[in-house]
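What follows draws every value from the coordinates through simple rules; no lab data is involved. This structure is a prediction, so every number in the text was calculated from the model and none was measured. FYI the Cβ positions are ideal-geometry reconstructions off the backbone, even for glycines, and counts take in every protein chain you see.
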Amino acid sequence: MARFLVETTHTARECTWALKKALQSDPAFVTRFEWGCKDGEHRGWAIMEAVDKFAIHDMVPRVVRPYTRIVELNQFSPEEARAYHEALLPTYSRVAALSVA
């Protein structure tokens, strides 16, 4: 199973409406998230596990899907991080060369 960061957002004006709609659709949805609403940051974050992004997408109530971002998470060992970034260096070098020209 893969792990995903799920972020959903709404405005202060939409806060009560979004909560009401989410509770009507799937009451458990609200409890899976950490919310920033009380601090004025009208977003919720959760780390969820699923086979792929599509499975996560299906878990999100339809009404808030347009306001939801799903990011697959990964961890690197120090060696993996170095190898990953070294593989990207030629790409970044070409982009930098184009922007200077």
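Numbers below:
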item: Contour excess over end-to-end distance, with Cα ends at R62 and T11 and 0.36 nm allotted per residue; result: 16.6 nm
item: Dimensionless Rg over Rh [region 2-75; C-alpha; Kirkwood]; result: 0.96
item: Between helix 15-25 and the chain: long-axis angle, C-alpha atoms, 0 to 90°, nearest 10; result: 80 degrees
item: Helix axis angle, 78-100 relative to the chain longest principal axis, alpha carbon, degrees; result: 80 degrees
item: Which of M59, V71, A18, positive extreme of dipole for the chain (C-beta unit charges); result: A18
item: FRET E, pair N74, D39, Förster distance 41 Å, beta-carbon r, rounded to 0.05; result: 0.90
